[in-house]
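Written out below as structure tokens is the structure these notes cover.
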Amino acid sequence: MICLLIIGLIVVVLLWKWLDIRSVDELKQVVGLLVSGNGQHVLSNLFQVDEQSKRHGGELVASVLKAHDVKEIFVLCGGHISPILVASEKLGIRIVDTRHEVTAVFAADAVARLRQSIGVAAVTAGPGLTNTITAVKNAQMAESPLLLIGGAAPTLLKGRGALQDIDQMVLFRPLCKYVARIERLRDIVPTLRQAIKAAVSGSPGPVFVEFPIDVLYPYQLVVKEIGFNPNAKGFIQKALNIYLRCHVSRQFGSAFAESDITPLPTSIPLPVSDQISKIVSLLRKAKKPVILLGSQATLPPITPHKLVKAIEAIGVPVYLGGMSRGLLGKDHSLQMRQNRRDALKEADLTILAGTVCDFRLSYGRVLSKKSKIVSINRNKSQLTKNEKAFWNADVSVQADVASTLVQISEQLSQENREDVSSWVQDLRERENKKEQENESKMSNKIIDGYVNPLYFLAKLDKVLPDDAILVADGGDFVGSAAYIVRPRGPLQWLDPGAFGTLGVGGGFALGAKIVPPNKPVFIIWGDGSSGYSIMEFDSFKRHKLPVIGVIGNDACWTQIAREQVPMFGSNVGVELARTHYEDVVKALGGWGTAIEEKNIDEIEKELKEAVRVSKEEGQSALINVFIGKTNFRDGSISV
């Protein structure tokens, strides 16, 4: 008897709190009506549920995205997320469906980088979400502000074996800055606002919000499917009905009450004046300073144009990486592309402006022990990665990179900097010498019966339109392209970033083509990496977003073969075929051609034709170049 009283008391307390009941009389009324089977309307009134409304949670999602100036959502359809897609389209948000969920997230990542705002992808539950994991991790490591929306099984069926029901939250917590699961419609707006704020604040990154299907569909449909027993008899059946009525009423309570859907204020770390003064002092004393500029430098609030002016005012030679490639145009006097390792050995001041001491800098071992080192990064762990082990910072600034450089330029006097000018000139002369050496390797048209990849890339660089956006997706061929093909301006180069992900090509190109639709978009592919997303030529055609693909086809995963074959004497797993990928693109409604020894003198003509077809006919194009192997990148590592 005592146990029953305790259980009853617990039930009463839970009902009181769960239903937000305001008096004992109200509690008696609700319990009585629920037990009698007539309590649904009472609960609807109590929770302010409009039982006749056809509105649904997808409309709330769409309204928040619209208020945050989201212009498109990249998706692969699924019943779990249909209400979001339909509602978003009604508000003028473009729905861009892809052939693979990973493509949708890569496309949203590209939009986030090029538009310098949030990118959004929406996929269905279970395998729809697990297919995105590589792209989400890539966005995390590239610090791209990305909102991933995922469907989920109904709230009441969580863990009960529903279709595609897995623990999705545990998968995405390690990958995202913020994760949340929506249980009530009234939580949709504040949760999405908070998620977007988290994505763009501090060090940007991906966020994930999970939407069970019953918080997206209309009330009447959810009630119909929830499982009420209209002929309930006995305590257990009636109690189950009571629980279900409480649950659905709580879900839809105050769902469409007026609320603020505008963006929340974001938080961006800025440097303090003492840090700026220390860096300026080091710059004034330095005779051989260098700046290594990383992707973080392209983040808002500073525009690329303002950042360029700051770099020019500082007057220090700059090596660009990641999204900062192209920032200074094609032939800026301060930009250095060759001999970085030698320059770092001689430098007396090295400014890591968003550049991280990971494998790309040999974990910091390439930095001179005699050099003063300044590290600037929004992310504390990236700011100090491998510090004390291989390098030591003289000044560490956890702040926005571009804002810090602008403040430095404003304080730095350009007087008495002849030593720096001579240092710039010295590096420029070495640069020119290395470029001449590389050009000599480009002179031969044919290698072992196939096109010299360096010769082709030089032709591509010559023909490339000044406003072209380049998407880099591959190993050896793309590694060579990074030295030869020069992006013409800021935000015109997209590569995966630190994760080294293959397969970004189709998605990055799709997103890039949407942001400035009038600019040509080139994918520079290896033949291996092209296999991940060449099917997206179907998406390019359906959405009238023509892109141009270039495949360096050497029938090999050459980046791996460079080490594996000489080290182990085996080519197992690295050989491919000289496949005519252009025929795949033709079958998908595009234009395609192959470049071989027999038509090698038509490279420029075919490249120009690909640009024309894309621009004038709205047709995607692919140039499949059958290339030979060179020793240009001997010594490069893949692990």
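Read the figures in this text as sums done on the coordinates, not as results from a lab. Note that the structure is a prediction, hence the values are computed from the model and not measured. Every residue, glycine as well, gets a Cβ built from its backbone with ideal geometry; the counts of neighbours run over all protein chains shown.
Structure values in brief
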{"item": "Order of R55, R173 - criterion: other Cβ atoms within 10 Å of each residue's Cβ, fewest first", "result": "R173, R55"}
{"item": "Leading residue at positive end of dipole, the chain (Cβ point charges), from G549, V585, G151", "result": "G151"}
{"item": "In nm, spacing of pseudo-spin labels at Q220 and E563 (7 Å Cα→C-beta vector)", "result": "6.3"}
{"item": "Local electrostatic count at R99 - Lys and Arg +1, Asp and Glu -1, tallied over other residues with Cβ under 14 Å", "result": "-2"}
{"item": "Dipole in debye (nearest 20) - the chain, about Cα centre, beta carbon charges: Lys, Arg +1; Asp, Glu -1", "result": "1260"}
{"item": "Entries of K330/K519; K372/K434; K177/K197; K137/K586; K71/K519; K137/K380 with Cα pairs more than 21 Å apart", "result": "K372/K434; K137/K586"}
{"item": "Net charge of Cβ neighbours under 15 Å - reference I73; Lys, Arg +1; Asp, Glu -1", "result": "-2"}
{"item": "Positive-end residue of A389, G449, M141, charge dipole of the chain with Cβ unit charges", "result": "A389"}
{"item": "Fully extended contour minus Cα-Cα distance, from N631 to E429, at 0.36 nm per residue", "result": "70.3 nm"}
{"item": "Computed E for N231/D260 - FRET, C-beta separation, R0 51 angstrom, nearest 0.05", "result": "0.70"}
{"item": "Sequence-distant lysines (8 or more away, or on other chains) whose Cα lies within less than 20 Å of K233", "result": "K224"}
{"item": "Exposure proxy ranking, count of Cβ atoms within 10 Å, fewest first, for H305, H100, H332", "result": "H305, H332, H100"}
{"item": "Phi-based couplings in Hz for the stretch 379-394 (Karplus 6.51, -1.76, 1.60; Gly and Pro marked x)", "result": "9, 5, 5, 6, 4, 10, 4, 6, 5, 6, 7, 10, 7, 9, 8, 8"}
{"item": "Distance (nanometres) between label positions extended 7 Å along Cα→Cβ at K330 and D50", "result": "5.8"}
{"item": "Cβ-placed point charges (K, R +1; D, E -1), dipole of the stretch 443-626 about Cα centre in debye, nearest 20", "result": "540"}
{"item": "Restraint check, K287/K462; K541/K608; K433/K462; K278/K369; K459/K629, Cα-Cα greater than 26 Å", "result": "K287/K462"}
{"item": "Cβ charges +1 (Lys, Arg) and -1 (Asp, Glu), total dipole of the stretch 273-429, debye", "result": "480"}
{"item": "Förster radius 35 Å - calculated FRET efficiency between K605 and E575 (Cβ-Cβ, nearest 0.05)", "result": "0.65"}
{"item": "Positive-end residue of S362, S539, S273, charge dipole of the chain with Cβ unit charges", "result": "S273"}
{"item": "DSSP-assigned coil residues among GluC sites (Glu not before Pro) in the stretch 405-501, each with at most 15 further Cβ atoms within 10 Å", "result": "E415"}
{"item": "Gained length - R94 relative to K544, 0.36 nm times residue gap less alpha-carbon distance", "result": "160.7 nm"}
{"item": "Intensity falloff of the chain expressed as log10 I(q)/I(0), Debye formula with alpha-carbon point scatterers, at q = 0.06, 0.07 Å⁻¹", "result": "-0.41, -0.54"}
